[in-house]
Structures are given as C-alpha cells and as structure tokens.
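Novice: Sharing a structure below in structure tokens format, with a few things to ask.
The values are calculated or read from the model by the stated rules, or taken from the named source; none is laboratory data. Given the structure is predicted, the values throughout are model-derived calculations rather than measurements. Neighbour counts are summed over all protein chains in view; Cβ atoms, including those assigned to glycine, are modelled from backbone coordinates with ideal geometry. Calculation scope for accessible area: heavy atoms of the full protein, side chains included, ligands and nucleic acids excluded. Shrake-Rupley method; radii C 1.70, N 1.55, O 1.52, S 1.80 Å.
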Amino acid sequence: HCQPIDAGANGTLWGSGAGVVLLKRLADALDEGDTIRAMLLGNAVNNDGASKVGFSAPSVDGQIEVIKQALDVAAVDPRTVGYVEAHGTGTAIGDPIEVAALSTVYSEGATDLGWCGIGSVKSNIGHLSQAAGVVGVIKAVLALEHGIIPPTVNYTKPNPRIDFES
C-alpha cells in the first residue's frame, strides 16, 4: 500500500500505467464544439539541483519556487484554490517537504487555516513513473467536474512530520 501524507508512509509503490489528455487551444476547442472538461491556466518546471535533499527528494525552497511560478503564470490567487492534487508519494521525506512548500506559498498573508484540501492518486494506483503527473491531472479534473474531493485511500492519521495544525 502507498500511504501519501499518512503517518504510516513507508515508501513509494511502483505501478505501470498510462493516462492521456487531449490539449487544444481554447479558441480551437470552442470553434470545433468540443466538450471542455478543464482549462490549464499555466505551468512551471524547475530543478533545484544542488539545493535538494538528494536525488529522490526535492528541497523546500525549490518546491516553493515552482509553486509560486505556476500560480503567477496562471494568474491564480492561492486563496481561491480549494484542492491540491499532490505528488504525494508516501515517503517519510518527500511528503513533508511537499506540504511545507505548499503551506508556505498558500498561507502567505493569510490568517485562516484549513481551507484547502490535499490528496494524491498514488494511494489508489501507486506511482506510475512517467504517467504519474497526467494521472494526477485527470483526477483533479474529475474532482472539479463532479464537485467532490475524493478521499485518499489508506489514509489513517496525519504524518507527524507535517504541521497540518498551522
């Protein structure tokens, strides 16, 4: 079992799979009468190189940088985001780093707590290597479409290294 964001997290479970999404310019999709399930407003990519913890774990600063960049490119206020589909591999180091970075960016200038949900599809299907990102996008689109934040499978109690209280 893969247990993202959970106290019982003890590593990634590798799986095999694929996911496909069709990307089109909005104007083209509208002209062609396509069903539009979601719009991607922006993206960001980085590599925190020597500042990361190791090959398999990013740095908090690198994660903060890429999250801020993605929100800026998309012109999205993090306070308007109600759910984050996390990478969430279920590792003792990776999940706390990811949540610390998200918490830092999403809480800037805010005083209220607990307004944004988080989850990871990896608890359902494992880490699909190169397909991991697209499967997360598909889950997030379906969550928006249905207005439901699906529970994270195998989640029993919070990872004690993650400060969910603040």
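Novice: If r is the Cβ-Cβ distance from residue 73 to residue 53 and R0 is 25 Å, what FRET efficiency results, to the nearest 0.05? Present the calculation step by step, with values, prior to reporting the outcome.
Specialist: Values: r = 26 Å, r/R0 = 1.03.
Rounded to the nearest 0.05, the efficiency is 0.45.
Novice: Let me ask something additional. Which order do the peptides 83-92, 121-130 come out in when sorted by mean C-beta neighbours inside 10 angstrom, highest first? It would help to have the intermediate numbers written out before the result.
Specialist: Details: 83-92: 21.1, 121-130: 19.6.
Highest-to-lowest ranking by the protection proxy: 83-92, 121-130.
Novice: Assuming a ≥ b ≥ c are the square roots of the Cα gyration tensor eigenvalues, decide whether region 91-154 counts as rounded (a/c under 1.5), prolate (otherwise, with a/b larger than b/c) or oblate.
Specialist: Oblate is the answer for region 91-154, as a/c is 1.5 or above yet b/c matches or exceeds a/b.
Novice: Further question on the same structure: In nm, what is the difference between 0.36 nm times the number of residues separating residue 45 and residue 100 and their Cα-Cα distance? Write out the running numbers ahead of the final one.
Specialist: Values: separation 55, 0.36 × 55 = 19.80 nm, distance 1.83 nm.
Using 0.36 nm per residue and subtracting the Cα-Cα distance, I get 18.0 nm.
Novice: Okay, next question. How high is the relative contact order of region 1-68, in percent, with contacts defined as C-alpha pairs under 8 Å that are six or more residues apart? Could you put the intermediate results ahead of the total?
Specialist: Values: 29 pairs, mean separation 11.0, N = 68.
After rounding, I find 16 percent.
Novice: Let me ask something else about it. In terms of solvent-accessible area of protein heavy atoms at a 1.4 angstrom probe, what is the ranking of 161, 79, highest value first?
Specialist: Values: 161 160, 79 75 Å².
Largest to smallest exposure gives the sequence 161, 79.
Novice: Of 49, 128, 60, which is farthest along the charge dipole of region 20-166 in the positive direction, counting Lys and Arg as +1 and Asp and Glu as -1 at C-beta?
Specialist: In region 20-166, that residue is 128.
Novice: Evaluate the charge dipole of the chain about its Cα centre and quote only its size in Debye, nearest 20, assuming +1 on the Cβ of each Lys and Arg and -1 on the Cβ of each Asp and Glu.
Specialist: Details: 10 positive and 18 negative charges, 87 e Å.
Charge dipole of the chain: 420 debye, to the nearest 20.
Novice: When the helices in the chain are scored as -39500 (n - 2.57) per DSSP H run of 4 or longer and the sum is shared across all residues, what 222 nm value do you end up with, to the nearest 500 deg cm²/dmol? Don't jump to the answer; show the numbers that get you there.
Specialist: On the way: 5 runs with 53 residues, N = 166.
Calculated at 222 nm, the ellipticity per residue is -9500 deg cm²/dmol.
Novice: At a 1.4 Å probe radius, carbon and sulfur cover how many percent of the accessible area of region 1-147?
Specialist: Working: 4800 of 8590 Å².
Carbon with sulfur: 56 percent of the solvent-accessible area.
Novice: Further question on the same structure: In terms of the Cα gyration tensor, with a ≥ b ≥ c the square roots of its eigenvalues, is region 37-126 rounded because a/c is under 1.5, prolate because a/b exceeds b/c, or oblate? Kindly include the intermediate steps, with their values, before the conclusion.
Specialist: Values: a/c = 1.39, a/b = 1.24, b/c = 1.12.
Rounded is the answer for region 37-126, as its axis ratio a/c remains below 1.5.
Novice: A further question on this structure: Roughly how many Å² is the accessible area per residue of the chain, as a whole number, for a 1.4 Å probe?
Specialist: Working: 10180 Å² over 166 residues.
The answer is 61 Å² per residue.
Novice: I've got another one for you. In what order, largest first, do 116, 2 sit by accessible area if the probe radius is 1.4 Å? Walk me through the numbers before you get to the answer.
Specialist: On the way: 116 40, 2 5 Å².
Result of the area sort, largest leading: 116, 2.
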